[in-house]
Structures are given as C-alpha cells and as structure tokens.
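Notes follow the structure.
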Amino acid sequence: MFTIIVAENYEEVCREAYRLVRETLRRENPVLGLAAGSTPLGLYEMMKEDYSLGNTSYRKVRTWNPDEYLGLSDSDEKSARAFMNRHLFDHIDIFRENTHFPKGDAEDPEKECMDYEKALQETTIDLQILGIGRDGHIGFNEPGTPFDSLTHITELTGETRNDIARFFDGNPALVPDRAITMGLASLMRARRIVIIATGSAKADAVYAMIKGPQKESCPASILQDHSHVTVITDPAAAARI
Ligand code: F6R
C-alpha cells in the first residue's frame, strides 16, 4: 500500500522525509535504514541541523545501510560507509558501532552476505529510507533480482555505474562492478519504507514501482506488496502517476 506525497520541490521532499524520521526517533530504541546516493543528502542536512540545534539525539539509534561496494574497505573514501560518515555520522552523536554496513573488503564475501543477513534478521528496521534508480533498483537490487532474494552479491548495470560515476571522479570505469546488497526480501521486512525520488529522470521508475505490473524487471514493484510504503516525490518525478 502506497501513500504518495508530491511535495513542491526538493527541500519539501526532504522536509516530509525528515518528519517521518523525527517520528521514528521518538521510539524507544529506533532503528533506521539509511541509503547512500544524492537524493537523501538534503534529508541528512536536516538531520544534522536539527541535531546541532539540540532537538535530537542519536545515542540510542542504530542504523543499517543496504549496501557496500565490493572490494572497498571502510576507510576508502568512496565506500558507502565513508559517504555516510561524511554526510551524517561525523556530525551527530551516533555511536559508530551502532552503524551497520556490509563489509566490502571481507575476505569471504559470500560469508559476509550470510552474516549481514543473519544480523539483519535479528533486528527490525523501523523506517527504511531508500532512493530509487532509473531502472527501478532499490538498494543495489538491479532488474531481474528475485523477489525472494536475501543479502547477496550483485552486479551493477552499466546504467547504474554511469549514474554513480559522479561519486567516482566522473569515471564509470572507477565504479566497482559489484556490490553487496540487502536483498528485496530483506528490505521488505522493514516496518515502514520511505522512497524519495526527485527529477524527471525518475518518473518512469516511480510509475513502474506504483502502477506497473509487479515484475522482477522493476525491483521496486515488489513494494506493491508492502503494507506501509510512503513515496515522497517532487512534481517532476510524479509526472506519470
Ligand atoms: C543504495 C543506493 C541506490 C540509490 C539509487 C538512487 O544505497 O545508493 O539505490 O538510492 O541509485 O540514487 P540517487 O539518489 O543518487 O539518485
């Protein structure tokens, strides 16, 4: 079931998302699912700002990110973990040991997938924030990923690597070709999911997620089966719905 919020502009999209994050922060031991990528950056700014005003604390918060690039260590500045440190964790009072990512440089990546999934199954994410790729990917579940997938190693498509290249000095060849990602079934366990999408490049994916047939060619269409999904978009991303 989708609740759809079409906000006036990017700032309002982030404000709506932050409203839901604030609500979650009021829980006793909040568990947030966070995502890398450009879309949540305005939300993370609001989280930082409100924290700096003394309105929130993250000392009891635990976070889980859906993915990490295969081969990149925590300290690699291009890793998802380093991205989250830079844009959020370095600026709030969260305990670093409460922030979780798959280990991109694990010696045995298959085992790392199993370990991450097992740890995930021992917790429940209260609110999972996600962006959406132009091809409908969520996390790094690319088209064709089985709906019953758990944490696994995924091959990033050429389109996704081109889109991500801006985080890799503009060079798609520098983007790792694989990542460890929570699977679609793993993501579906979150109590509530918030998809944020802005810009006309996302309009087809937003349409396919909400109105398209539920097919593995659009990974986000699995969300049609989730009981509590809020989609927050600007008018451009909502153009087809
Ligand atoms: C997962 C992840 C991706 C992005 C998606 C949209 O952690 O980063 O699923 O959410 O590629 O990216 P942006 O927000 O950059 O358009």
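The values are calculated or read from the model by the stated rules, or taken from the named source; none is laboratory data. All of these numbers come straight from a predicted model, not from anything done at the bench. Don't worry about glycine lacking a Cβ; one is built from the backbone with ideal geometry, like all the others, and counts go over all protein chains shown. Just so you know, the surface numbers come from the protein's heavy atoms only, side chains and all, with ligands and any DNA or RNA stripped out. Shrake-Rupley method; radii C 1.70, N 1.55, O 1.52, S 1.80 Å.
So here's what we get for this one:
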read-out	value
Out of 124, 151, sole residue that is among the hydroxyl-bearing types (Ser, Thr, Tyr) and either surrounded by fewer than 16 Cβ atoms within 10 Å (Cβ to Cβ) or modelled with pLDDT under 95 (or both)	124
Scan of the stretch 223-232 for residues that are crowded, with 22+ Cβ neighbours inside 10 Å and either farther than 20 Å from residue 144 by Cβ or over 15 Å from the mean Cα position of the chain (by Cα) (or both), ordered by number	229, 231, 232
Qualifying positions in the stretch 94-111 - closer than 19 Å to residue 182 by Cα and either open to solvent by less than 30 Å² (accessible area, probe 1.4 Å) or at pLDDT below 95 (or both)	99, 101, 102, 104, 106
Some residue of the stretch 179-200 being outside any helix (DSSP H, G or I), open to solvent by 50 Å² or more (accessible area, probe 1.4 Å), modelled with pLDDT of 95 or more and farther than 26 Å from residue 236 by Cα	yes
Some residue of the stretch 210-217 being within 12 Å of the ligand (Cβ to nearest atom), closer than 30 Å to residue 108 by Cα and either open to solvent by 20 Å² or more (accessible area, probe 1.4 Å) or part of a strand (DSSP E or B) (or both)	no
Qualifying residue in the stretch 70-79 (condition: within 15 Å of the ligand (Cβ to nearest atom), open to solvent by 20 Å² or more (accessible area, probe 1.4 Å) and under 30 Å from residue 214 (Cα atoms))	yes
Residue 153 touching a residue at least 24 places away in the same chain (Cβ under 8 Å) and assigned to a strand (DSSP E or B)	yes
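Rundown of residues vs (1) within 16 Å of the ligand (Cβ to nearest atom); (2) open to solvent by less than 20 Å² (accessible area, probe 1.4 Å); (3) over 30 Å from residue 240 (Cα atoms), yes/no style:
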residue: 10; (1), (2), (3): yes, no, no
residue: 41; (1), (2), (3): yes, no, no
residue: 51; (1), (2), (3): no, no, yes
residue: 65; (1), (2), (3): yes, yes, no
residue: 84; (1), (2), (3): yes, yes, yes
residue: 92; (1), (2), (3): no, yes, yes
